[in-house]
Amino acid sequence: MATKSANLYARIEPDVKEQAESILSTLGIPASNAINMFYKQIILNRGLPFEVKIPTAKSVNVAELTEAELNAELEKGYTDMVAGRTKPARQAFADIRKDYGI
């Protein structure tokens with residue numbers, strides 16, 4: 001194993017640091033090990049080990065929709081179905097798991 005002798009100094013938001021370190025602590029991983037793993041993944045992936053992009057569409061929260069907005073969303077879905085713009089449920093759930101990391 002390589003000797004750890006390089007230092008890294010970074011400024012991050014205190015709340016982000018606290019939340020991340022709480023999760024890492026639950027996992028039993030010191031923050032320095034997590035940062036080392038992150039850097040190794042950058043090397044292996046020759047870039048960030050996750051997508052960095054702006055979502056193309058905002059998710060719809062059905063609970064916050066008015067009746068008219070809900071009907072409009074249902075109509076969009078029906079139009080897509082009639083036009084053949086659908087995918088099997090298995091693929092839809094796989095995409096959701098991928099997009100949300102679950």
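Since every read-out is calculated from the coordinates, none of them should be taken as a lab result. It should be emphasised that the depicted structure is a prediction, and the values quoted were computed from it without experimental measurement. Cβ: placed from backbone, ideal geometry, glycine included. Neighbour counts: every protein chain shown.
For the range 10-55, trypsin sites (Lys or Arg not before Pro) meeting the loop criterion (DSSP other than H, G, I, E, B) and having at most 12 other Cβ atoms within 10 Å: R11, R46, K53. Within the chain, the longest segment free of exposed loop sites, counting chymotrypsin sites (Phe, Trp or Tyr not before Pro) that fall outside DSSP classes H, G, I, E and B and have at most 12 other Cβ atoms within 10 Å, spans 51-102.
Charges were assigned to the Cβ only: +1 to each Lys and Arg, -1 to each Asp and Glu. The resulting dipole of the range 1-61 about its Cα centre is roughly 280 debye.
A straight chain from I54 to I42 at 0.36 nm per residue would run longer than the Cα-Cα distance by 2.3 nm. Using only side-chain charges placed at the Cβ, +1 for Lys and Arg and -1 for Asp and Glu, the dipole size of the chain relative to its Cα centre rounds to 780 debye.
Put +1 on the Cβ of every Lys and Arg and -1 on every Asp and Glu Cβ in the chain; which of A6, P30, F93 then has its Cα farthest towards the positive end of the dipole? So the residue we want is A6. Pairs spanning more than 22 Å between alpha-carbon atoms, out of K4/K40; K58/K98; K4/K53; K53/K76: K4/K53; K53/K76.
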